[in-house]
Amino acid sequence: MLSVHDFHAGYPSVPVVSGAELRVERGEIVSLFGHNGAGKSTLMKGVFGVLGDCRGEVRFNDAAVAGASTRSLMRRGMVLVPQERGVFPSLTVAENLRMGFWASGESARAEYDRRLARTLGYLPILDERKDDRAGELSGGQQQMVSIGRALLAGPKLLLLDEPSTGLAPNLVDDIMALVTRLREEEGLSVLLVEQNVGQALAVSDRVYLMKGGRIIHEATPDQLTWSRSLWDLF
Ligand SMILES: Nc1ncnc2c1ncn2[C@@H]1O[C@H](COP(=O)(O)OP(=O)(O)OP(=O)(O)O)[C@@H](O)[C@H]1O
Ligand SMILES: [Mg+2]
């Protein structure tokens, strides 16, 4: 579904990600772990076409998409839920969700209604708050808005950058359960960045370790759980 080869990304005159190699197969949940500043968000943003200074190969659904705009990637079914959420505070929850739908290039009312109903089923809190301004919601609820908006875009591959940051521990489990449901029920593929390593491992098929802008290792959750030497790589 996604394959990234010899990928370099960063900011004007700040190279960050260097020679990254990673792939996500159809229906896989893949986690990317690394310390603060390792370059996880930069890698995701670079793949999603948000950053200017990138080079290397990115293939999505068998098409070469390196350098493609975020807009065209979303139309192809790649959607990022960024670490900094980007909820529109003065718009209502429903309006925020609609922005996700429009960003996917869809305009058919029936498809909007279908996606909205499914999304509100996954995230019932958004149904309760749909007429409230997003800026009046708690931080955790705004995270749900950000995830909901991504789902309205009809993703095939979801890039989830720390979806559970700042959430109560029981809600972290809810988010991980949601990730699994989206894979089972919607056939989504997921690339996940998550600081709650244990909970992310429990739902992941494969894992990459990132350090200093490089992907330094690929492992299965089992290998990572039982190999002391892998943890020492950090
Ligand atoms: N807008 C920016 N301009 C310049 N440098 C940046 C910018 N954003 C991030 N960086 C730098 O890029 C490096 C990697 O940051 P990045 O946000 O990708 O790390 P991360 O692995 O996502 O960390 P965290 O776990 O804290 O989210 C850091 O050294 C950071 O200072
Ligand atoms: Mg980050």
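Each residue in the range 80-127 was checked for being among the hydroxyl-bearing types (Ser, Thr, Tyr), buried (at least 16 other Cβ atoms within 10 Å of the Cβ) and under 23 Å from Thr70 (Cβ atoms), and 3 pass. All of Ala202, Ala117, Ala134 fail the test of being without any contact (Cβ under 8 Å) to a residue 60 or more places away in the chain and more than 21 Å from Leu91 (Cβ to Cβ), apart from Ala202. The set of residues in the range 126-157 that are among the basic types (Lys, Arg) and in a helix (DSSP H, G or I) contains only Arg149. If the condition is being hydrophobic (A, V, I, L, M, F, W, C), more than 15 Å from Lys156 (Cβ to Cβ), within 16 Å of ligand 1 (Cβ to nearest atom) and assigned to a loop (DSSP other than H, G, I, E, B), then the range 18-75 contributes Ala38, Val50, Leu51.
Within the range 84-97, is even one residue under 15 Å from the mean Cα position of the chain (by Cα), in a loop (DSSP other than H, G, I, E, B) and charged (D, E, K, R)? Yes, there is a match, as at least one residue in the range 84-97 is under 15 Å from the mean Cα position of the chain (by Cα), in a loop (DSSP other than H, G, I, E, B) and charged (D, E, K, R).
The residue of the range 175-234 that is farthest from ligand 2 (Cβ to nearest atom), among those that are surrounded by fewer than 19 Cβ atoms within 10 Å (Cβ to Cβ) and among the aromatic types (Phe, Trp, Tyr), is Trp226. So is Ile125 within 16 Å of ligand 1 (Cβ to nearest atom), without any contact (Cβ under 8 Å) to a residue 24 or more places away in the chain, hydrophobic (A, V, I, L, M, F, W, C) and out of contact with any Lys or Arg (no Cβ under 8 Å at 6 or more places or on another chain) or not? Judged against the criteria, Ile125 is not a match. Which pairs do you get when a residue that is away from ligand 2 (no atom under 16 Å from the Cβ), found in the range 44-68, comes within reach of a residue that is polar (S, T, N, Q) and in a strand (DSSP E or B), reach meaning Cβ atoms under 9 angstrom, with the pair 6+ apart or on two chains? Matching pairs, first to second residue: Glu57/Ser3; Val58/Ser3; Arg59/Ser3; Phe60/Ser3. Do we find that Leu91 is more than 12 Å from ligand 1 (Cβ to nearest atom), over 21 Å from Arg183 (Cβ atoms), out of contact with any Asp or Glu (no Cβ under 9 Å at 6 or more places or on another chain) and modelled with pLDDT of 95 or more in this structure? It is true that Leu91 is more than 12 Å from ligand 1 (Cβ to nearest atom), over 21 Å from Arg183 (Cβ atoms), out of contact with any Asp or Glu (no Cβ under 9 Å at 6 or more places or on another chain) and modelled with pLDDT of 95 or more.
The values are calculated or read from the model by the stated rules, or taken from the named source; none is laboratory data. Given the structure is predicted, the values throughout are model-derived calculations rather than measurements. Cβ: placed from backbone, ideal geometry, glycine included. Neighbour counts: every protein chain shown.
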